[in-house]
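Undergrad: Sending over a structure as structure tokens; questions will come in a sec.
What follows draws every value from the coordinates through simple rules; no lab data is involved. What you see is a predicted model, and the numbers here were worked out from it, not measured in a lab. Reconstructed Cβ throughout: ideal geometry from the backbone, glycine too, with neighbour counts over all protein chains shown.
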Amino acid sequence: MWARAARGPEASVTSTPYEPGRVGLLLIDTTNEVFHENGKGYPFYKAEFDRIGTFENLKRLLAGARELGIPVFFAPMSYTEEDYTTWKHPAGIHQVMFENRMFQEGSWGAEFHADLSPVEGEIVIAPHKNIDVLATTDLDVQLRQHDVEYIAIAGMIGTMCVESTARSCMERGYHVTIFTDATASDAGPEAYDAMIKRYPAISHATFDVDEFLGAVRAAGA
């Protein structure tokens, strides 16, 4: 099976199939702060989670990846009190998180959600503080050490961490898959639609969860 990819603004077909044994899944910020109803970030995303089915889709994606033997990499976010109080130039997204003490290191909010947590043998990337996971953590080293060339990226926020990390992975030469239904935007349906239209331009495949799992199965991974 072939990956749906970019040719102009619309999805089309690329000539690069998944290569068995070289596919990995990256889950960004699958923490209580984002996905638990008591998380500080959850109210910002609840409506879109409900509309898209993000949480259930992520659970199905994780279960499918484990069934297929795809290595899973978890990328958490966390900040210290020093981060909150000493950063010289916090961007707008950081200002919101710092003012609300979100993703505080060692807190319940910074822990992985029980349904989206790593199990033994899965890789937890060093916590990221900026939105580009590849540029600011050990993700690149971990992917290369586990022989991953085809990286599928899901989690939150679709318009920030997912998109930025996808761009960096693409520019580093990875084959990048992004999901339409295993993420969400931070600003409602219009922002989501614009995000999905951008995705094919910065990735090699833009799939929903079932399409991705089907493509990996068909490739024999």
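Undergrad: State the volume of the convex hull built on the alpha-carbon positions of the chain, expressed per residue in Å³ and rounded to an integer.
TA: Here the figure is 115 Å³ per residue.
Undergrad: Check cross-link reach from K46 to the lysines: straight Cα distance under 27 Å, and skip same-chain residues fewer than eight apart.
TA: The qualifying lysines are K59, K129, K197.
Undergrad: Percent relative contact order of the chain, based on C-alpha pairs within less than 8 angstrom and at least six residues apart?
TA: Taking the mean separation of contacting Cα pairs over the length of the chain, I get 32 percent.
Undergrad: Of P200, T165, I70, whose Cα points farthest to the positive end of the dipole of the chain (charges on the beta-carbon: +1 Lys, Arg; -1 Asp, Glu; origin at the Cα centre)?
TA: The residue sitting most towards the positive pole is P200.
Undergrad: Based on the Kirkwood radius over alpha-carbon pairs, what value in µm²/s does the Stokes-Einstein equation return for the translational diffusion coefficient of the stretch 132-179 at 10 °C and 1.306 mPa s?
TA: In µm²/s, the coefficient rounds to 150.
Undergrad: Also, quick follow-up: Given the rule -39500 (n - 2.57) for each run of at least 4 DSSP H residues, summed and divided by the residues of the chain, what is its mean residue ellipticity at 222 nm, to the nearest 500 deg cm²/dmol?
TA: -11500 deg cm²/dmol
Undergrad: Let me ask something else. Taking 0.36 nm per residue of separation and subtracting the Cα-Cα distance, what length does fully extending E81 through F98 add? If you can, show how the numbers build up before the last one.
TA: Numbers: separation 17, 0.36 × 17 = 6.12 nm, distance 0.90 nm.
Answer, rounded to one decimal: 5.2 nm.
Undergrad: DSSP loop (so not H, G, I, E, B), at most 16 other Cβ within 10 Å: list which chymotrypsin sites (Phe, Trp or Tyr not before Pro) in the stretch 34-102 pass both filters.
TA: Listed in order of number, the matching sites are W87.
Undergrad: Out of residues 5 or more away from L26 or on other chains, whose amide H comes under 5 Å of its own, with H placed 1.01 Å from N in the peptide plane?
TA: Placed amide hydrogens put F73, A152, I153, A154 under 5 Å from L26.
Undergrad: Multiply the residue gap between E111 and L68 by 0.36 nm, knock off their C-alpha separation, and tell me the result in nm, one decimal place.
TA: Working: separation 43, 0.36 × 43 = 15.48 nm, distance 2.57 nm.
Gain on extension, E111 to L68, equals 12.9 nm.
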